[in-house]
1. For the protein assembly as shown, what is the charge dipole size about the Cα centre, in debye to the nearest 20, if Lys and Arg each add +1 at the Cβ and Asp and Glu each add -1 at the Cβ?
2. Any idea what the relative contact order of the range B:32-100 is, in percent, if you count C-alpha pairs under 8 Å spaced at least 6 apart?
3. Where does the charge balance sit around A:Arg110 when Lys and Arg score +1, Asp and Glu -1, over other residues with C-beta under 12 Å from its C-beta?
4. Go ahead and collect, in residue order, the members of the range B:61-88 whose backbone nitrogen is under 12 Å from a label point 7 Å along the Cα-Cβ direction of A:Asp97.
5. If you line up the Cα atoms of the protein assembly as shown on their principal axes, what length do they span on each, largest first, in Å?
6. Report the relative contact order of the range A:16-115, percent, no decimals, based on alpha-carbon pairs under 8 angstrom and at least 6 residues apart.
7. Can you run phi through the Karplus equation (6.51, -1.76, 1.60; θ = phi - 60°) for the range A:57-68 and list ³J(HN,Hα) in whole Hz, with x for Gly and Pro?
8. Would you calculate the convex hull of the Cα atoms in chain A and tell me its volume per residue in Å³?
Amino acid sequence: AQSVAQPEDQVNVAEGNPLTVKCTYSVSGNPYLFWYVQYPNRGLQFLLKYITGDNLVKGSYGFEAEFNKSQTSFHLKKPSALVSDSALYFCAVRDMDGGSYKLIFGSGTRLLVRP
Amino acid sequence: DSGVTQTPKHLITATGQRVTLRCSPRSGDLSVYWYQQSLDQGLQFLIQYYNGEERAKGNILERFSAQQFPDLHSELNLSSLELGDSALYFCASSVGGRNNEKLFFGSGTQLSVL
């Protein structure tokens, strides 16, 4: 079965510093990977996805993610963190079931950006 | 605003009761997904419908059921409620089909079972 793991429950970073939120994956076949963000009292919002092609994927709000096949990782990054980036971040993998698909989410990582 | 509407936003009920959560997908989206988010289990996939038909099933209890109606809105029915069913229930929609995996999430229904 497809799965993703987020090893950190929380990441703390100072505003203006680079941030990394980690994700590793376990899949059979080619991975289809995603990052979503959840702000307080809101649903999840799509940030970016990797299907194929360039290992560096650019997404919304200045976020990017680096796909590394040898390390089976898909870490989320941002060069300069903002206080408003504080939220819950989920890594996800597509799981095909016959002709249909669903997303399997990791446990989530809370990002706290301090002023 | 994602375009996905969930009602009600909050629901407080007692053990043993039955509730219905409603979801209206984005205009044009044929696929509807239900997820449960709790502190101990994280975000768990429950069930998916595509154009009225059940397509995938996840960790959904037998006490729970769902359906998608001809107008594409969906309902999640939770019965014989237990304290452990307290969670945030999300509905998400997508266009459906291959390479259309981007899900749009509603704001969720917070269910509290007392």
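Each value in this text was obtained by applying a stated rule to the coordinates, not by laboratory testing. Keep in mind it's a predicted model, so treat the numbers as computed, not measured. Counting neighbours? That spans all protein chains shown, and the Cβs are built from the backbone with ideal geometry, glycine included.
1. Computed about the Cα centre, the dipole is about 280 debye.
2. Relative contact order, the range B:32-100: 34 percent.
3. Net local charge, A:Arg110 excluded: -3.
4. Label zone hits: B:61.
5. Computed over the Cα atoms, the extents are 49, 39, 30 Å.
6. Here the relative contact order equals 31 percent.
7. Values per residue, Gly and Pro as x: 10, 9, x, 6, 6, x, 7, 9, 9, 10, 8, 10 Hz.
8. 102
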